[in-house]
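Trainee: The structure's right below; bear with me while I get my questions together.
Computed from the coordinates by the stated procedures, all read-outs in this text should not be read as laboratory data. Since the structure is predicted, the reported quantities are computational estimates derived from the model, not experimental observations. Using ideal geometry, Cβ is built from the backbone for each residue, glycine included, and neighbour counts are taken over all protein chains shown.
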Amino acid sequence: MDQALQHLVNGTVLGGTYALLGIGLTLIFGVMRVVNFTHGELYTFGAYMAYGLVALLHVDFFLSLVLATMLGLALGALIELVLLRPMRKADIDSVMLVMIGAALVLQNAGLWAWGGVAKLVPTPFAGTPLVFGPVSVLPLRLFVLGVAATLLLVFWLLLERTRAGIAMRATFQDAETASLMGVRVGWVHTATFAIGSGLAAAAGALLGPVFMVSPAMGDLVGLKAFAIVILGGLGNLPGAVIGGFALGYVEEFGGGFVSSEYRDAFGFLLIILVLAIRPQGLVALKERVG
Amino acid sequence: MLNRRTALLAGLALPALQRTAWAADPIKIGMTQPLTGAVAASGNYVANGAKIAVEVLNRAGGVLGRPLELILEDNKSNPREAVAAVDKLVLRDRVPVLIGAWSSTYTLAIMPKLLEYKVPMVVETSSASRITTSGNPYVFRIAPTSAMEAVAFSTQLGKFTPAMRKVDFLSVNNDFGRGAAEKFSEALAAKGVTIGRTETMTPEATDLSAQLAALKQSDADTIFLTTGVEQQTLALRQAVEQRLGKRFVTTGGSFPDALIANPLPAGNTSFHILFYAPWFPERAPYPAIAEAYTAEWNKNNWEFAGLTEGFRGYDAVLTVVEAIRLAGKPEAEAIREALWKVDIHGVNGDIRFAKEGPAGQESGQNQPNVAIVTLSEGKTGLL
């Protein structure tokens, strides 16, 4: 029972970070129909920005997280303006190829700039865990979970309660009609890609200090983000959150109680099951048309 | 003009090295290491060790009157890339001898290519037993096998207080990790230690909470951790989070140096099986060589703890260059034959090869030395 409780806590912490990863990716796909292969690299970018600011420039840890997210937003906007805007009329395959190329460039630029050796990001949090009965968790992990939850809430409010959010949702539903209604679709695309990128960079800046920062850290994360999005339903925002937690719990309980050897396989087994039974994802009520 | 340290090193390591002006093109030494990817820290350390060995030897006159050139290829912590790196080194760069490839998985992937191209390789790190028992006469390993490491470790069991009664394993899920768990289980069982469960992790995994939560339930007092530097660091940090309260022993010669600048909370002491303990060069089998290597490394301002693995590249280059000198020419087959005659002093100790594997197809295996280093609150000690 104690082990199950610890796995539950671990799965919740892991799921929260997975949700943050998934939501940026699914937002970009939902609004722009762009499969963003740079997502993992933007996560890496955020982690390295946090490392550079905290460890090298000695900027305050919390301010560094904000700055790293802002830099991620800026990089996302740049990618959209330089690479994606000229490809607006291109087919999805061409855009995918461009994004794969951009991901390779970003990863190798990171490698060139930072070297291949993994880095630890210093934090102001105590290294001793908080203990709640039979379970324990580091203060840093709780902080990350709290910030992830706050970011998800802020993002939801942005979508539901602001004019920009309405414009995004309108573009999400029907870009042509939104354009006829006066929505500047081009800027919605830029803002969407920037926000999705900012969320990925925020996830990297938050998780970099929990784990380690290395140029290849985005590879596995990118794969997981796609898994989360597929679980929740492509373009489905609540689905990304639920998919994130589902993947976190399945990996944690499967790895802990069945076999750690197949920990990652449990997540992908879940995806196969979902695709077989509910191909539209866990949350989507019906398949989108058009 | 040679400075004192260079002369000392060259004199100790390769007494008969020719010290003449360059007469021809450089002699190429091919090396593949994981310079990026999951185990990049270790690969970069080993590569740096090789680079400074080449620098030192070139300052001392190279070999056969020619300078040395190290051609380094990244295997990206990936066996497929390791094979591609060897293809490039042999077919395009025409190297007559190789050094590589850190992980047993990468080395095993390369080995058929050695037979195909008939180029010898000095294996500086990989520990899986079958590297030298599968019948590949182009393999010469200076690193210890997991079995050697386990047996050497088991002779020092009496130094642990409280005594080891039962052990579990947390291993990276590849030839290196599984092989270490198997060989340490055998060696420790022979000493009366009870063997518990083995948990594994993929090389890229960063969240090890499921494995650690499962190990917490075991009544074992010690966990043997076998993986690269990055996962060692992650596992030790996450074990504190999960309050495992068990002794950790890392195997394989890697050291989680990031925990010196960012130490674990007080009361957490970890043990590390190393093949060179740079904090204590005076305790090395040949202190003058160890100190010269350490000084050369520090001149580059590289991370100090990287010395723990950098020596592998350093000793590998000394070995290869001695073989080239003995062969009298930089040709693959002559170097392979000469490797059997190598008998030098390296940072780890004596380097000479004994035959292992099926008769007529033997590989070379060196018998290295082992040290156990403790790490507590960012400070190292020698057990």
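Trainee: Expressed as a whole number of Å, what is the distance separating the alpha-carbon centroids of region B:301-359 and region A:232-263?
Mentor: 48
Trainee: Starting with the fewest neighbours, write out B:Val83, B:Val347, A:Val121 ranked by other beta-carbon atoms found within 10 Å of each beta-carbon.
Mentor: Ranking B:Val83, B:Val347, A:Val121 by Cβ neighbours within 10 Å, fewest first, gives B:Val83, A:Val121, B:Val347.
Trainee: Do me a favour and compute the ellipsoid semi-axes for region A:67-152 from its Cα gyration tensor, root of five times each eigenvalue, largest one first, whole Å.
Mentor: Numbers: eigenvalues 274, 63, 31 Å².
Its equivalent ellipsoid spans semi-axes of 37, 18, 12 Å.
Trainee: Return the distance in nm (one decimal) between the two label points of a simple spin-label model at B:Lys159 and A:Thr12, each offset 7 Å from Cα along Cα→Cβ.
Mentor: Simple spin-label model gives 4.4 nm for this pair.
Trainee: Can you give the relative contact order of region B:147-274 as a percent, counting alpha carbon pairs under 8 Å and 6+ residues apart?
Mentor: 24
Trainee: Could you compute how fast the protein assembly as shown diffuses translationally, taking Rh as the Kirkwood radius over C-alpha pairs and applying Stokes-Einstein at 25 °C with viscosity 0.890 mPa s? Give it in µm² per second.
Mentor: Values: Rh = 26.4 Å.
The calculation lands on 93 µm²/s.
Trainee: Then there's this: How fast does region B:36-182 diffuse by Stokes-Einstein, in µm²/s, taking the Kirkwood radius from C-alpha pairs at 25 °C and 0.890 mPa s?
Mentor: Values: Rh = 16.9 Å.
Calculated translational D: 145 µm²/s.
Trainee: What does the convex hull of the Cα atoms come to per residue for chain B, in Å³?
Mentor: Cα-based convex hull of chain B, divided per residue, equals 117 Å³.
Trainee: Which whole number gives the average, over all residues in B:232-240, of C-beta atoms from other chains lying within 10 Å of the residue C-beta?
Mentor: Numbers: counts 0, 4, 5, 0, 0, 6, 6, 0, 5.
Counting other chains' Cβ atoms within 10 Å and averaging over B:232-240 gives 3.
Trainee: May I pose another question? Kindly put A:Ile28, B:Ile372, A:Ile166 in sequence by how many other C-beta atoms sit within 10 Å of each C-beta, fewest to most.
Mentor: A:Ile166, B:Ile372, A:Ile28
Trainee: Need one number for region A:1-56: average projected area of the convex hull over its C-alpha atoms, nm².
Mentor: Reported value for the Cα convex hull: 5.6 nm².
Trainee: In 5 Å bins starting at 0, how do the alpha-carbon pair distances of chain A split up by percent?
Mentor: 1, 6, 12, 16, 18, 17, 14, 9, 5, 2, 1, 0
Trainee: Given a cut-off of under 8 Å on Cα pairs at least six residues apart, what relative contact order in percent is computed for chain A? Each step should come with its number before you reach the end.
Mentor: Values: 467 pairs, mean separation 110.8, N = 290.
It rounds to 38 percent for chain A.
Trainee: Counting just the Cα atoms, what span does region B:146-189 cover along each of its three principal axes? Round to the nearest Å and put the largest first.
Mentor: Extents along the principal axes, in whole Å: 31, 19, 14.
Trainee: Same structure, new question: Taking only Cα atoms and a 10 Å spring cutoff, compute GNM fluctuations for chain B and point out the largest among B:Phe311, B:Phe280, B:Phe184.
Mentor: B:Phe280
Trainee: Where does chain B land at 222 nm, in deg cm²/dmol rounded to the nearest 500, when only DSSP H runs of n ≥ 4 count, each adding -39500 (n - 2.57), divided by all residues?
Mentor: -12000 deg cm²/dmol
Trainee: Fewest first, what order do B:Thr206, B:Thr155 take by the number of other Cβ atoms within 10 Å?
Mentor: Least crowded to most crowded, the residues run B:Thr155, B:Thr206.
Trainee: With angles folded into 0 to 90 degrees, how steeply does helix B:104-117 sit against the dominant principal axis of chain B? Use alpha carbons for both and round to 10.
Mentor: 30
Trainee: Something else now. With a bin width of 5 angstrom, please list the P(r) values of region A:1-95 as percents of all Cα-Cα pairs, from the 0 bin to the one holding the largest distance.
Mentor: 3, 11, 16, 18, 15, 13, 10, 8, 4, 2, 1, 0
Trainee: Given the options B:Leu91, B:Leu170, B:Leu108, state which has the largest fluctuation in a GNM of chain B using a 10 Å cut-off (strictly under) for Cα springs.
Mentor: Looking only at B:Leu91, B:Leu170, B:Leu108, the biggest GNM fluctuation is shown by B:Leu91.
Trainee: Another question, then. Ignore the peptide's own chain and count Cβ atoms of other chains within 10 Å of each Cβ in A:119-127; give me the average, rounded.
Mentor: Values: counts 2, 10, 1, 2, 1, 0, 0, 1, 9.
Taking all residues of A:119-127 together, the mean is 3.
Trainee: Please state the equivalent ellipsoid semi-axes for region B:147-274: what are the square roots of 5 times the Cα gyration tensor eigenvalues, largest first, in whole Å?
Mentor: After diagonalising the Cα gyration tensor, the semi-axes are 20, 16, 15 Å.
Trainee: So how many Lys-Lys pairs in region B:155-265 land under 18 Å Cα to Cα, not counting same-chain pairs under 8 apart?
Mentor: Count of close lysine pairs: 8.
Trainee: A follow-up question, please. Please name whichever of B:Pro144, B:Ala163, B:Ser103 sits farthest to the positive end of the charge dipole of region B:100-209, dipole taken about the Cα centre and charges placed at Cβ: Lys and Arg +1, Asp and Glu -1.
Mentor: B:Ala163
Trainee: Would you compute, for the Cα atoms of region B:294-354, the largest minus smallest coordinate along each principal axis and list the three values in descending order, in whole Å?
Mentor: 37, 22, 14
Trainee: While we're on this one: Using only Cα positions of region A:61-114, each an equal point scatterer, no hydration layer, compute I(q)/I(0) via Debye at q = 0.15, 0.20, 0.30 Å⁻¹ and quote the log10 values to two decimals.
Mentor: Scattering profile of region A:61-114, log10 relative to I(0): -0.55, -0.83, -1.12.
Trainee: How high is the relative contact order of region A:136-290, in percent, counting Cα pairs under 8 Å that sit 6 or more residues apart?
Mentor: Over region A:136-290, the number comes to 16 percent.
Trainee: Summing Lys, Arg as +1 and Asp, Glu as -1, what charge do residues with Cβ under 10 Å from the Cβ of B:Ser146 carry, B:Ser146 excluded?
Mentor: Numbers: positive: B:Arg178, B:Lys183; negative: B:Glu149, B:Asp175, B:Glu182, B:Glu186.
Cβ neighbours under 10 Å give a net charge of -2.
Trainee: Give me a single rounded figure for A:211-217: the average over its residues of other chain Cβ atoms within 10 Å of their Cβ.
Mentor: For this peptide, the per-residue mean of nearby foreign Cβ atoms is 6.
Trainee: Add -39500 (n - 2.57) for each DSSP H run of 4 or more in chain A, then divide by its residues: what number comes out at 222 nm, to the nearest 500 deg cm²/dmol? All intermediate terms of the calculation are to be shown ahead of the outcome.
Mentor: On the way: 11 runs with 200 residues, N = 290.
Per the formula, -23500 deg cm²/dmol.
Trainee: List the extent of the Cα atoms of region B:198-357 along each of their three principal axes, largest first, rounded to whole Å.
Mentor: 59, 38, 25
Trainee: So for region B:13-158: antiparallel DSSP bridges make up what percent, rounded to the nearest 5?
Mentor: Around 5 percent of the beta bridges assigned by DSSP in region B:13-158 are antiparallel ones.
Trainee: Here's something else I'd like to know. Along the Cα→Cβ direction, 7 angstrom out, place labels at A:Ser179 and B:Ile195. What is the inter-label distance in nm?
Mentor: Result for the modelled spin labels: 6.7 nm.
Trainee: If you don't mind, there's one more thing I want to ask. Quick query: amide H of B:Phe224 versus all other amide H atoms, modeled in the peptide plane; which residues come in under 5 Å with a sequence gap of 5 or more or a different chain?
Mentor: When sequence neighbours closer than 5 places are left aside, the close amide H contacts are B:Asp168, B:Phe169, B:Leu170, B:Val249.
Trainee: Compute the Kirkwood hydrodynamic radius of region B:325-383, taking the inverse of the mean of 1/r over all pairs of distinct Cα atoms, and give it in Å to one decimal.
Mentor: One decimal place: 14.3 Å for the Kirkwood radius.
Trainee: Taking 1 over the mean of 1/r across every pair of different Cα atoms in region B:275-322, what Kirkwood radius in Å do you get? It would help to have the intermediate numbers written out before the result.
Mentor: Numbers: mean 1/r = 0.0922 Å⁻¹.
It is 10.9 Å.
Trainee: Can you list the aspartates and glutamates whose alpha carbon sits under 17 Å from that of B:Lys341, skipping same-chain ones fewer than 8 residues off?
Mentor: B:Asp315, B:Glu322, B:Glu331, B:Glu333, B:Asp350, B:Glu356, B:Glu362
Trainee: May I pose another question? Name the most mobile residue of A:Thr150, A:Thr190, A:Thr26, meaning the one with the largest mean-square fluctuation, in a Gaussian network model of chain A with Cα contacts below 10 Å.
Mentor: Highest fluctuation of the listed residues: A:Thr150.
Trainee: Please give the helix B:4-13 orientation as an angle from the longest Cα principal axis of chain B, in degrees from 0 to 90, rounded to the nearest 10.
Mentor: It is inclined by approximately 90 degrees.
Trainee: Sort B:324-332, A:83-91 by the packing proxy (mean of other Cβ within 10 Å over each peptide's residues), most packed first.
Mentor: In descending order of packing, they fall as B:324-332, A:83-91.
Trainee: While we're looking at this one, here's another question. How big is the Cα convex hull of region A:163-270 in projection, averaged over all directions, in nm²?
Mentor: 8.2
Trainee: Within a Cβ distance under 12 Å of B:Asp221, other residues only, what is the Lys/Arg minus Asp/Glu net charge? Don't jump to the answer; show the numbers that get you there.
Mentor: Working: positive: B:Arg165, B:Lys166, B:Lys246, B:Arg247; negative: B:Asp168, B:Asp219.
Its environment carries a net charge of +2.
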